[in-house]
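Visitor: Here it is: the structure, laid out below.
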Amino acid sequence: MSVSRRSFMKVVGAGGVGAFAMPLLSARGAEAAIAMRGRVPLEAPLGSPSGIRLDSNENPNGPGKAVLDAVHSAFDVANRYPGGPTAALVAQIAKARGVAPENVIMGCGSTEILHLAVRAFTSPAKALVVASPTFEDPAHVAEAIGSPVRSVPVTGALKLDLDAMAEAARGAGLVYLCNPNNPTATVHGAQAVNDFIRTLGRTSPATTILVDEAYHEFVEDPSYATAIPVAMENPRVFVARTFSKIYGLAGMRIGYAIGRAETIKAMAPMKIVNSTNMLAVAGAMAALGDTAHIERERKLNHDSKVFTQQFFEKAGYKVIPSDANFMMVDIRQDSTKFQEACKARGVLVGRPFPPLTTHARISVGTMDEMQRATEIFKRVLVTA
Ligand SMILES: Cc1ncc(COP(=O)(O)O)c(C=O)c1O
């Protein structure tokens with residue numbers, strides 16, 4: 001018997017669901033928690049489900065019905081290890097991306113992929129090259145295992161400085177190329193990424209390049225293209241993807257990488273066996289098949305994003321062009337104070353991203369959330 005929503009409620013009881021749901025609604029997002037490196041305990045800063053979370057680049061709508069139904073059904077087989085279904089998901093991803101199953105490796109979120117990459121391709125003698133700022137997790141892992149980290153500041157337009165990154169990559173083990181980049185939301189077109197890869201092939205042919213495409217589905221820039229075709233030709237390149245963003249499965253923890261079989265094999269030995277769970281696998285399979293829902297999410301994100309960009313621009317603040325489900329706003333004042341003032345009024349915005357101490361990263365919520373949040377931003381910016 002498949003576990004319907006009603007029987008799931010019966011199993012845990014109405015009170016149980018309520019008690020479970022509250023901390024989920026109010027806890028700080030996983031993406032923000034990563035940056036804290038466990039120093040600060042997870043807290044419930046909003047204390048109320050009406051609070052607005054714009055701090056972790058999550059999908060505010062959550063997964064669609066097809067995914068929820070699939071996840072509920074998967075409770076039937078939760079007593080089994082997920083090997084078989086994971087293999088089926090790998091086959092489905094491979095088909096969807098035009099590659100073979102041997103070109104795919106799953107992770108407990110793409111976070112596991114980033115960890116595997118840093119452990120497989122860096123060492124005390126082989127540095128990690130990252131932008132500054134970028135998603136911090138790879139650098140944190142490198143520091144933890146004693147690999148040097150070379151940080152390359154973004155340009156004045158808050159784009160990755162690909163020339164400087166190529167220079168810094170000479171002799172490095174791994175380059176982390178986040179495209180679009182978190183937190184700046186800027187994107188590089190296919191030509192720029194391919195040129196960068198070609199340059200490294202000449203100047204540092206032993207360096208591996210991880211292209212993190214966590215926000216791939218949100219990109220609107222027509223010059224952009226996934227690096228998967230390049231990864232299929234070049235063993236020094238591979239691509240990370242996640243179900244946490246447009247697919248709305250951040251809490252399920254499932255992501256993957258695509259690359260040549262030899263590149264995937266280099267990471268596989270460090271992988272936790274069965275790090276993908278049965279429910280997440282079921283959800284991911286349904287999510288991949290529900291293309292109409294993803295299209296709808298893309299449109300919803302676009303509309304809320306444009307609304308928010310227009311709010312800031314009308315108020316006289318510069319918004320960095322965004323190809324993601326978040327945006328970087330030049331608020332011309334201390335972003336920590338802005339973050340705290342918003343939090344006190346029930347809106348969580350992104351953590352500070354040094355050296356951009358006067359920019360705020362705002363994740364895109366629902367239209368209703370952005371309408372309410374912009375009222376708060378108005379008050380906070382005026383009183384600052
Ligand atoms: C660029 C980037 N990569 C990877 C991740 C990790 O995502 P997950 O482990 O949920 O797939 C995040 C999370 O926000 C991110 O912003």
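Only the coordinates and a few stated rules stand behind these numbers; no lab work does. Remember, predicted model here, so these are calculated numbers, not experimental data. Here the Cβ is made from the backbone with ideal geometry for all residues, glycine too, and neighbour counts use every protein chain on show.
Visitor: Out of the residues in the stretch 233-273 meeting the condition of being touching a Pro at 6+ places or on another chain (Cβ under 7 Å), closer than 20 Å to A94 by Cβ and part of a loop (DSSP other than H, G, I, E, B), tell me which one is nearest to the ligand (Cβ to nearest atom).
Guide: Checked the stretch 233-273; the qualifying residue nearest to the ligand (Cβ to nearest atom) is L249.
Visitor: Follow-up. Would you mind telling me which numbered condition in (1) touching a His at 6+ places or on another chain (Cβ under 8 Å); (2) part of a loop (DSSP other than H, G, I, E, B) G171 fails?
Guide: It fails just one condition, (1).
Visitor: Give me the pairs: first residue in the stretch 63-82 and in contact (Cβ under 8 Å) with a residue 24 or more places away in the chain and farther than 17 Å from R253 by Cα, second residue among the hydroxyl-bearing types (S, T, Y) and part of a helix (DSSP H, G or I), beta-carbon distance under 8 Å, and six or more apart or on different chains, which are they?
Guide: none
Visitor: Now, a different point. Select, from V193, V211, the only residue that is in a helix (DSSP H, G or I) and within 16 Å of the ligand (Cβ to nearest atom).
Guide: Details: V211 fails: in a helix (DSSP H, G or I).
Answer to the selection: V193.
Visitor: A follow-up question, please. Surrounded by fewer than 23 Cβ atoms within 10 Å (Cβ to Cβ) and not in a loop (DSSP other than H, G, I, E, B), is that true of R202? Break it down into steps so the answer makes sense when it comes.
Guide: Working: surrounded by fewer than 23 Cβ atoms within 10 Å (Cβ to Cβ): yes; not in a loop (DSSP other than H, G, I, E, B): yes.
Spelling it out, R202 is indeed surrounded by fewer than 23 Cβ atoms within 10 Å (Cβ to Cβ) and not in a loop (DSSP other than H, G, I, E, B).
Visitor: Continuing with this model, one more query. Within the stretch 336-375, can you find the residues that are touching a Phe, Trp or Tyr at 6+ places or on another chain (Cβ under 8 Å) and not in a loop (DSSP other than H, G, I, E, B)? Can you show your working first?
Guide: Quick first cut of the stretch 336-375, residues touching a Phe, Trp or Tyr at 6+ places or on another chain (Cβ under 8 Å) only: 342, 347, 349-350, 359-364, 367, 370-371, 374.
Hits for the stretch 336-375 are C342, V347, V349, H359, A360, R361, I362, S363, M367, M370, Q371, T374.
Visitor: Can you pull out the residues in the stretch 226-278 that are under 22 Å from A192 (Cα atoms) and of a type in the set (S, T, Y)? Walk me through it before giving the result.
Guide: Going residue by residue through the stretch 226-278, those that are under 22 Å from A192 (Cα atoms) are 226-241, 257-260.
Across the stretch 226-278, the qualifying residue is only T226.
Visitor: Against the definition (in contact (Cβ under 8 Å) with a residue 24 or more places away in the chain, polar (S, T, N, Q) and assigned to a helix (DSSP H, G or I)), how does T308 come out, yes or no?
Guide: Values: in contact (Cβ under 8 Å) with a residue 24 or more places away in the chain: yes; polar (S, T, N, Q): yes; assigned to a helix (DSSP H, G or I): yes.
Yes, satisfied.
Visitor: Select from the stretch 329-347 the residues that are out of contact with any Ser or Thr (no Cβ under 8 Å at 6 or more places or on another chain) and touching a residue at least 24 places away in the same chain (Cβ under 8 Å) and write down the one among them that is nearest to F307 (Cα to Cα). Spell out the reasoning first.
Guide: Filtering the stretch 329-347 for residues out of contact with any Ser or Thr (no Cβ under 8 Å at 6 or more places or on another chain) gives 329, 337-340, 342-345, 347.
Pick out the ones that are also touching a residue at least 24 places away in the same chain (Cβ under 8 Å) and you get 329, 337-338, 342-343, 345, 347.
Numbers: V329: 14, K337: 24, F338: 20, C342: 19, K343: 21, R345: 21, V347: 17 Å.
Top of the filtered list is V329.
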